[in-house]
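Single-structure report; data block below.
The values are calculated or read from the model by the stated rules, or taken from the named source; none is laboratory data. The shown structure was predicted, so the numbers you read here are calculated from the model rather than taken from an experiment. FYI the Cβ positions are ideal-geometry reconstructions off the backbone, even for glycines, and counts take in every protein chain you see. Ligands, DNA and RNA are excluded from the accessible area calculation, which covers all protein heavy atoms including side chains. Shrake-Rupley method; radii C 1.70, N 1.55, O 1.52, S 1.80 Å.
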Amino acid sequence: MPPWGAALALLLAALALLGLLAALQRHPGRRAVGARTLPGAQGQDHEEEVDGAGPADQFSDGREPLPGGCRLICKPSALAQCLLRALRRSTALEPGPRSWLSGPHLQTLCHFVLPVGPGSDLAREYLQLADDGLVALDWVVGPCARGRRVTNAGGLPAVLLVIPNAWGRLTRNVLGLCLLALERGYYPVIFHRRGHHGCPLVSPRLQPFGDPSDLKEAITYIRFRHPAAPLFAVSEGSGSALLLSYLGECGSSSYMTGAACISPVLCCREWFEAGLPWPYERGFLLHQKIALSRYATALEDTVDTGKLFRSRSLREFEETLFCHTKSFPISWDTYWDHNDPLRDVDEAAVPVLCICSADDPVCGPPNHFLPTELFHSNPYFFLLLSRHGGHCGFLRQEPLPAWSHEVIMEYFRALTEFFRTEERMKGLSRRGVSFLGGRRRWGTLPKREVSPSSNLEEIFSWKRSYTR
């Protein structure tokens, strides 16, 4: 952990202890500024403490109840029924004894503030992009205490691409998910953006909030390394904008079998404009300023670094960094026309499970920041809404992993079984018409492909290093 990381963790903890009880208890909910009222919203900003009707109940009309007070919100389909059966059998959703970790702020702060701890063996690759920028891929290679299980019977182990939050902080839950996936037989790999988590910023260009161009090149490289392996993806929090943008832009050419988003930020522009409760706003803003401070000189020719580091909100920081550039300034409206993660959502052709909590203190009340019409109308999107869990928390008593991780593994297994059943029923040589009407040939899992004879170095320039 870098020296400034420990200082940041201590400062975040201090901010939390000083401000949470005063600020957050006076303002338990957060209303979007100018956000539209979504179908089913009742305008409530808080939930009752125990066994009462909370925000999750606003979405219960016609939706399927699950163990632990969770609900699955989706458009009826064959895959929805398969997923519903899998979730009803899941032991991860069973309610456990309430503990000191049950509060939404503790769930969130334990996720973001506590250090990741030792124990993960990472093999890092730096991928040089078409514009000479660098991104990093951390392959999780160990440890695996209880041995690996086979997840893809009759085929190669699947690759799990994990996209951390947009602030570049590698959290303990991300590593916990990777270690669980490694135990279940996956090849987990963590994608790091330019300048994030030790990846050098070699050109004065950062990745905008919802621009998937760098991710496309990284996935192309992963496909060259593992051409026959199924590819799954998981994103965390604000990092979900990158994954959803990729799925929308690529459509049926995404090469992915399935995806999951943990506490995704879906209405991103409204989220930035409304602002977060001040401890979270200040903490995330401080983390970004510290991360970019080492590149202040390199960025001087591109942005007004003085104004950037004087920013008092996440919106001001984002707008200064990507809109008020010296070479090509654009408006806030134009920026979101190109970076809204749902701009091409109708083109997405991969099943996506979004796991959200009704008491999320970062995203805010679900009736204002969850576009439920997306899940009611699009058969590729599924919303698993729980009453408790905070933001990217969903923690259980140690040593159990976060229950969201277990659900994601069961979801991927259900997808694989569903596709194999479709293959057996329809046959590989048939029309490839999906149960959704044929936008994608999705009765098939990835098959072995022949790698191009050209050297990978002609396409990518990359280096490998090993870290502990």
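Quick rundown of the values:
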| quantity | calculated |
| --- | --- |
| Within the stretch 333-355, considering residues that are out of contact with any Phe, Trp or Tyr (no Cβ under 9 Å at 6 or more places or on another chain) and not in a loop (DSSP other than H, G, I, E, B), the one nearest to Pro379 (Cα to Cα) | Asp346 |
| Given (1) among the polar types (S, T, N, Q); (2) assigned to a loop (DSSP other than H, G, I, E, B); (3) free of Cβ contacts under 8 Å to residues at least 60 places away in the same chain, index of the condition Thr302 fails | (3) |
| Residue match in the stretch 127-144 (condition: open to solvent by less than 50 Å² (accessible area, probe 1.4 Å), over 21 Å from the mean Cα position of the chain (by Cα) and modelled with pLDDT under 85) | yes |
| Within the stretch 310-336, tally of residues that are of a type in the set (A, V, I, L, M, F, W, C) and open to solvent by 60 Å² or more (accessible area, probe 1.4 Å) | 1 |
| Scope the stretch 384-411; condition in contact with a His (Cβ under 9 Å, 6 or more places away or on another chain) and open to solvent by less than 20 Å² (accessible area, probe 1.4 Å); matching residues | Gly390, His391, Cys392, Gly393, Phe394, Ala402 |
| Residue ranges of helices (runs of 4 or more DSSP H) in the stretch 202-278 with at least 2 members under 21 Å from His405 (Cα atoms) | 240-250 |
| Every pair of residues 6+ apart whose Cβ atoms lie under 9 Å, when the first sits in the stretch 332-343 and is touching a residue at least 40 places away in the same chain (Cβ under 8 Å) and more than 15 Å from Gln207 (Cβ to Cβ) while the second is hydroxyl-bearing (Ser, Thr, Tyr) and surrounded by 14 or more Cβ atoms within 10 Å (Cβ to Cβ) | Asp340/Ser245; Leu342/Ser245; Arg343/Ser245 |
